[in-house]
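K.L.:
Just passing along the structure, written as structure tokens.
Readers should treat all values here as calculations from the given coordinates under stated rules, not as data from a laboratory. What you are looking at is a predicted structure, and each value in this text was computed from that prediction instead of being measured. Cβ: placed from backbone, ideal geometry, glycine included. Neighbour counts: every protein chain shown.
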Ligand SMILES: [Zn+2]
């Protein structure tokens, strides 16, 4: 009975480690951060692609302006052609100024979004580290508890075989039905397996029984030990 109760306690300890609870909370926090990260990244995509296309346009205009500058400097063209070149240059410079203003606006919009993403990643980092630590700790603790269970089960087999056959099978039947252990003790008139009080008549019967006879708990069916 004692060994079966220990086995039950250790098995339950194995699945109720505080580290398992901590891991579950942590994983739910990390899933929340991951969701935030995905949202922040999705918000960044269109701004980034606008910024890139405006940057390309600025570079193209800059190139065009410097080509025009060079043509003008080296030009032997007539006055009308020079005026046309000059007027195109002015137009290109205006377009370039507008494009660079837009580039700057988009850059200002881009920076806080990128900082957001970095900050979410930074916040997740210790959690990710703690998570792998917890997974290791849980594996180690469970391995230790498993070893303890193996040794307890070995001990249990020895003790089990030492019990006379008839009593042993009553014990096994009660354990299958009630769980934890197939026997219990009576403490202050209560079965300490199911914790229910024995009726006065049952309690009298329990106290009056011969040393080598055992009655079952009328509630849970466990063999009541003197
Ligand atoms: Zn009982």
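K.L.:
Conditions first: (1) within 16 Å of the ligand (Cβ to nearest atom); (2) surrounded by 12 or more Cβ atoms within 10 Å (Cβ to Cβ); (3) closer than 23 Å to residue 10 by Cα. Residue 155 passes all but one, so which condition is the exception?
P.N.:
(1)
K.L.:
Another question, then. Give the residues of the range 195-212 that are at negative phi and within 13 Å of the ligand (Cβ to nearest atom), sorted by residue number.
P.N.:
Here is the first cut: in the range 195-212, the ones at negative phi are 196-212.
Result: 196, 197, 198, 199, 202, 203, 206.
K.L.:
A follow-up question, please. Do you know which of the residues in the range 162-194 that are surrounded by fewer than 17 Cβ atoms within 10 Å (Cβ to Cβ), part of a helix (DSSP H, G or I) and within 42 Å of the chain's Cα centre (by Cα) is farthest from the ligand (Cβ to nearest atom)?
P.N.:
Step by step, filter the range 162-194, then rank; the result is 172.
K.L.:
Another question, if that's okay. Going residue by residue through the range 205-212, is there one that turns out to be surrounded by 13 or more Cβ atoms within 10 Å (Cβ to Cβ) and part of a helix (DSSP H, G or I)?
P.N.:
yes
K.L.:
Answer yes if at least one residue in the range 213-226 is within 12 Å of the ligand (Cβ to nearest atom) and without any contact (Cβ under 8 Å) to a residue 24 or more places away in the chain, and no otherwise.
P.N.:
Narrowing the range 213-226 to residues within 12 Å of the ligand (Cβ to nearest atom): 215-225.
Still in the running and without any contact (Cβ under 8 Å) to a residue 24 or more places away in the chain: 215, 218.
Looking through the range 213-226, at least one residue is within 12 Å of the ligand (Cβ to nearest atom) and without any contact (Cβ under 8 Å) to a residue 24 or more places away in the chain.
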